Amino acid sequence: MIGLSTTYYATKGLSIYDSVLRTVELGFEVVELGAAHLYEDNVYEVLRKIKRDFPRIIFTIHTLFPPLRNKIWFNPAEGLSKLNKVIVDGLVNAASVLEAKIISIHPPILNKLELGEKVIGNFNNLRMGSVIDEEVGRNDFACLLEYIIKKAERSNTRVIIENLNTSKLITFLDTGESFLNVFSRFKNTGLCLDVAHALECGNLDNLMELDGHIIEVHLHEWDYSCDGRARGHLPIKDIAYFEPIKKIIKKGSVICIFEHGADVMEVDILKEKSLLEKFLGL
């Protein structure tokens with residue numbers, strides 16, 4: 001099952017409906033409703049229309065969707081704050097309308113997350129605020145996770161957690177063992193394996209040991225720019241990219257989502273889609 005995150009079209013300024021339409025027109029069978037969309041006050045009406053118009057498409061939901069009126073960075077380490085509860089309820093409600101079986105969220109970050117002033121493709125850059133005590137962050141994250149899992153179970157939706165680049169962000173979910181501890185405590189969870197994030201911080205092999213818990217894979221390339229900073233969400237140009245993850249993506253049950261920003265061309269997305277299809281023998 002191969003899909004594309006609507007974040008790609010959101011960063012280009014397309015509406016939620018048009019983002020889904022363009023994704024389907026590119027030939028994807030899975031659509032992940034992702035971040036960077038602008039606020040639409042009739043979002044659930046739009047989602048119901050999407051479900052009617054594209055009944056054969058498989059949908060997944062990724063934070064932060066649906067978009068809020070005011071931009072924020074969602075941090076599960078802040079627990080069930082008033083704002084986080086609104087976000088979590090929105091994730092589950094969107095999944096219910098679209099009959100999505102997966103909601104993926106980011107891991108808890110042990111800093112307050114603030115919006116920076118630089119905006120690229122509807123994304124404000126991330127600015128680190130004050131430190132969150134690890135014990136407090138763990139407890140608050142557990143409360144949030146328990147809440148969203150119970151709420152999502154009513155519509156038979158699974159909640160999975162994405163790995164982030166832990167060379168830049170402080171989180172207590174940074175190894176296969178730490179994720180497994182969460183999956184053992186909270187049932188109906190799993191991992192959204194972001195391959196480029198794992199490659200960048202050198203823990204792909206470690207996370208691949210979670211084989212049976214990997215439900216979805218985010219696919220994009222990363223590289224270093226001329227100023228030495230890593231750039232992610234680039235197109236995949238070499239079929240060898242898929243080799244280290246072949247044992248999970250060749251199962252057929254794991255959803256593969258390409259995830260990009262505005263600086264990628266549609267032709268590049270079609271090329272990497274063809275590479276993956278060739279690798280999978282489709």
Inset, instruction - Just the number, please: Stokes-Einstein D of segment 2-280 in µm²/s, Kirkwood Rh from C-alpha pairs, 20 °C, 1.002 mPa s. - result: 113
Legend entry - Residue order, fewest to most beta carbons within 10 Å, for Leu191, Leu282, Leu38: Leu282, Leu38, Leu191
Legend entry - Farthest toward positive dipole pole in segment 2-280 [+1 Lys/Arg, -1 Asp/Glu at C-beta], among Val254, Thr11, Pro66: Pro66
Legend entry - Distance between modelled label sites at Lys250 and Leu126, nm, 7 Å Cα→Cβ extension: 3.3
Legend entry - Backbone N under 11 Å from the Leu180 label point (7 Å along Cα→Cβ), restricted to segment 158-172: none
Inset, instruction - Compute the distance in nm between two label points, each set 7 Å from the Cα along the Cα-to-Cβ direction, one at Glu25 and one at Glu153. - result: 4.2
Legend entry - Surrounding net charge for Thr60, when Lys and Arg each add one and Asp and Glu each subtract one, Cβ distance under 12 Å: -4
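Every read-out reported here was derived from the displayed coordinates using simple, explicitly stated rules and does not represent laboratory data. The shown structure was predicted, so the numbers you read here are calculated from the model rather than taken from an experiment. Ideal geometry is used to build each Cβ from the backbone, glycine not excepted, and the neighbour counts take in all protein chains shown.
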